[in-house]
């Protein structure tokens, strides 16, 4: 039989899981969008605009995914105490939204821009999403 965890005390380091989802998906969306525009040999203003749009759309996808994964009442948020024990929850909070944002943005931008190799873009977006998700989860949990 395991003992229940200690309740949170003032000053304990915590991670707000829904906001972690939004932040990670924003960077993942920006990264995959930049990869698609780079592969399409776009000019730098289009790279900057596309990366910014990918960041905003990724953040929106992450916010929606965070609310779905970690529902809370009106004035409350789901938090976890930062530390090694929080890594599994932080990975749950980052990987799914990152994969969703990165894949949706990479494929939709590839259709608009006209990049023919959608399979390679899917691989690139998966790599971007996984690396972003793991980085954000480890950084948040192990602070």
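Structure summary
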| item | result |
| --- | --- |
| Yes/no for residue 50 being under 14 Å from the mean Cα position of the chain (by Cα), at pLDDT below 95, surrounded by 21 or more Cβ atoms within 10 Å (Cβ to Cβ) and in a helix (DSSP H, G or I) | no |
| Among the candidates 109, 115, 124, 57, residue that is in contact with a helix residue (DSSP H, G or I) (Cβ under 9 Å, 6 or more places away or on another chain) and either crowded, with 23+ Cβ neighbours inside 10 Å or over 15 Å from residue 32 (Cβ atoms) (or both) | 109 |
| Filter result for residue 89 (part of a helix (DSSP H, G or I), within 29 Å of residue 13 (Cα to Cα) and touching a strand residue (DSSP E or B) at 6+ places or on another chain (Cβ under 6 Å)) | yes |
| Residue 130 at pLDDT 90 or above, surrounded by fewer than 21 Cβ atoms within 10 Å (Cβ to Cβ), touching a helix residue (DSSP H, G or I) at 6+ places or on another chain (Cβ under 8 Å) and part of a helix (DSSP H, G or I) | yes |
| Tally of residues being under 18 Å from residue 76 (Cα atoms) and either in contact (Cβ under 8 Å) with a residue 40 or more places away in the chain or not in a loop (DSSP other than H, G, I, E, B) (or both) across region 6-38 | 12 |
| Test result for residue 45, in a loop (DSSP other than H, G, I, E, B) and without any contact (Cβ under 8 Å) to a residue 60 or more places away in the chain | no |
| The listed residue being more than 15 Å from the chain's Cα centre (by Cα) and at pLDDT below 90, out of 116, 71, 45 | 116 |
| Residue 77 being touching a helix residue (DSSP H, G or I) at 6+ places or on another chain (Cβ under 7 Å), outside any helix (DSSP H, G or I) and closer than 15 Å to residue 22 by Cα | yes |
| Filter pass, residue 115 being outside any helix (DSSP H, G or I) and touching a strand residue (DSSP E or B) at 6+ places or on another chain (Cβ under 8 Å) | no |
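The values are calculated or read from the model by the stated rules, or taken from the named source; none is laboratory data. Just so it is clear, the model here is predicted, and its values are computed rather than measured. Note: ideal-geometry Cβ built from the backbone for every residue, glycine included; neighbour counts use all protein chains shown.
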